[in-house]
Amino acid sequence: MKIPFNKPFTIGAELENIAAAVRTGHLSGDGPFSQRCHRWLEKHLGAGRALLTHSCTAALEMAAILCELKPGDEVIMPSFTFVSTANAFVLRGAVPVFVDIRGDTFNLDERLISAAITSRTKAIAPVHYAGVACEMDAIMNLARERSLLVVEDAAQGILAEHKGRKLGAIGHLGCLSFHETKNVISGEGGALLVNDERFVARAEIIREKGTNRAQFFRGEVDKYSWVDIGSSYLPSELVGAFLWAQLERAEEINARRLRLCTVYREELQVLEREGLLRLPQRDPPGVKSNGHMFHVMLGDLAARTALIGHLKSRGFHSVFHYVPLHSSPAGRKYSRAAGAMTVTDDVSSRLLRLPLYFGLEESDVRRIAAAIREHFVR
Ligand SMILES: Cc1ncc(COP(=O)(O)O)c(C=O)c1O
């Protein structure tokens, strides 16, 4: 493959930071680099408290514990998402209840949430697909009216905004990913954003194997012990050291990705005008996306398969995305759909993601777009 779909990158100080962490001798979690990452996330995202985790999956699992779900409690979420959004809650015995997505943003359709709420509903887990914000005003208002918690899956949403607020910092809890496919990376990695003061102390305990070790290190208790359930959710300082190099330059990373998206759009809009494919919608007022993804919608599954094959023959790797959870084997066993999943099924069969990563050149984007145009005029 000449151009892969994704290529992990370093931006500058990653290896230097790792060497510095090794020299200080603090390799377990929450060393100086990790603490810098925490403060950065709190300051730049406006999160109440930020805690690095091994992954967004780990952050979602922590969030699910914090929601204090009982077996049979329900959490409303899209089916068009990564498995971890659902799995984290299923691990607590809860039931994911899927609601269809919007045809424009591919996010949870906020107009369908009310009808999916039952006496067992405890939380809503909106997923900001492609770093494009869900309708957070409607979701937060509904949550307030019905006394539900909101756990944002902002895996793809670093620094993206909804009405001036950063994704992940709007709900009671927010979860970010630094997996190597995301904008800001540390190989594997994530963060839990605790935006509601009520959950801060318990989040620290859950992350530290159910102990009050964080309080002990701050000198607030004279010994630490097992006080609650928990697990080991904090990453090593080596991860924090790598991540710090990227967080410092996160705006620059997003700006580069947004520029590549603009080039894709310019190069492909002729095909949209001719009705041959659909480009992602432009950010509506109040929404600021972060260039996480560039996707196109083809006419049908056959058209998508043909384009994937054509791009592959030219050395370009394009990929489809989520296989809906509601019809997956585990989804059928552990969750249920509230209403039809028409848009979910449709989008899932027609959406195609094009290569996008920090090291991709504008000239590469132009070559990929030219190959797509060539495919349609043959
Ligand atoms: C919406 C969503 N949630 C959660 C995750 C899981 O992230 P991680 O790999 O950091 O656990 C992903 C990963 O791609 C994702 O796209």
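No value in this document is a laboratory result; all are computed from the given coordinates. Source: prediction; values computed, not measured. Neighbour counts run over all protein chains shown; Cβ positions are idealised from the backbone, glycine included.
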(request) Give me Val377, Val239, Val22, Val347 ranked fewest to most by other Cβ atoms within 10 Å of their Cβ, as a rough exposure proxy. (result) Val377, Val22, Val347, Val239
(request) Please identify the helices of the chain, taking whole runs of DSSP H, that span at least 20 Å along their own axis as judged from the Cα atoms and have a mean Kyte-Doolittle score of -1.0 or higher. (result) 250-273, 362-377
(request) Quick one: grab the alpha carbon gyration tensor of segment 26-149, order the square roots of its eigenvalues as a ≥ b ≥ c, and give me rounded if a/c is under 1.5, else prolate or oblate depending on whether a/b is larger than b/c. (result) prolate
(message) Cβ neighbours within 10 Å, averaged per peptide: list 272-278, 42-48 in order, most packed at the top.
(response) 42-48, 272-278
(request) Within 10 Å, count the other beta carbons around each residue, average over each peptide in 242-253, 183-194, 123-134, 298-309, and list them highest first. (result) 123-134, 183-194, 242-253, 298-309
(request) Just add up the charged neighbours of Leu298: K/R +1, D/E -1, any other residue whose Cβ is under 9 Å from the Cβ of Leu298. (result) +2
(request) Could you work out how far the C-alpha centroid of segment 321-339 sits from that of segment 195-224, in angstrom? (result) 35 Å
(request) Return the whole-Å distance between the Cα centroid of segment 4-73 and the Cα centroid of segment 243-283. (result) 26 Å
(message) Under 10 Å, Cα contacts only: if you run a Gaussian network model on the chain, which one of Pro235, Pro78, Pro32 comes out with the highest mean-square fluctuation?
(response) Pro32
(request) Rank Ser147, Ser236, Ser177 by mean-square fluctuation in a GNM of the chain with C-alpha springs under 10 angstrom and give only the top-ranked residue. (result) Ser147
(message) With +1 assigned to the C-beta of every Lys and Arg and -1 to the C-beta of every Asp and Glu, and no other charges, what is the dipole magnitude of the chain about the Cα centre in debye, to the nearest 20?
(response) 440 debye
(message) Only counting other Cβ atoms within 10 Å, I'd like Glu110, Glu74 sorted with the fewest neighbours first.
(response) Glu110, Glu74
(request) Give, rounded to the nearest 20 debye, the magnitude of the charge dipole that segment 94-201 has about its Cα centre when Lys and Arg contribute +1 at Cβ and Asp and Glu contribute -1 at Cβ. (result) 280 debye
(message) Using 22 Å as the Cα-Cα cut-off, could you pick out the over-long pairs in Lys43/Lys288; Lys2/Lys288; Lys70/Lys163; Lys70/Lys333; Lys7/Lys166?
(response) Lys2/Lys288; Lys70/Lys163; Lys7/Lys166
(message) Can you tell me which of Asn290, Asn195, Asn212 moves the most in a GNM of the chain? Springs connect C-alpha atoms under 10 Å apart.
(response) Asn212
(message) For a Förster distance of 22 Å, can you work out the FRET efficiency between the beta-carbons of Glu68 and Asn141, rounded to the nearest 0.05?
(response) 0.45
(request) Could you point to the residue in Trp226, Ile308, Leu15 farthest towards the positive end of the chain's charge dipole, with +1 and -1 charges on the Cβ of Lys/Arg and Asp/Glu respectively? (result) Ile308
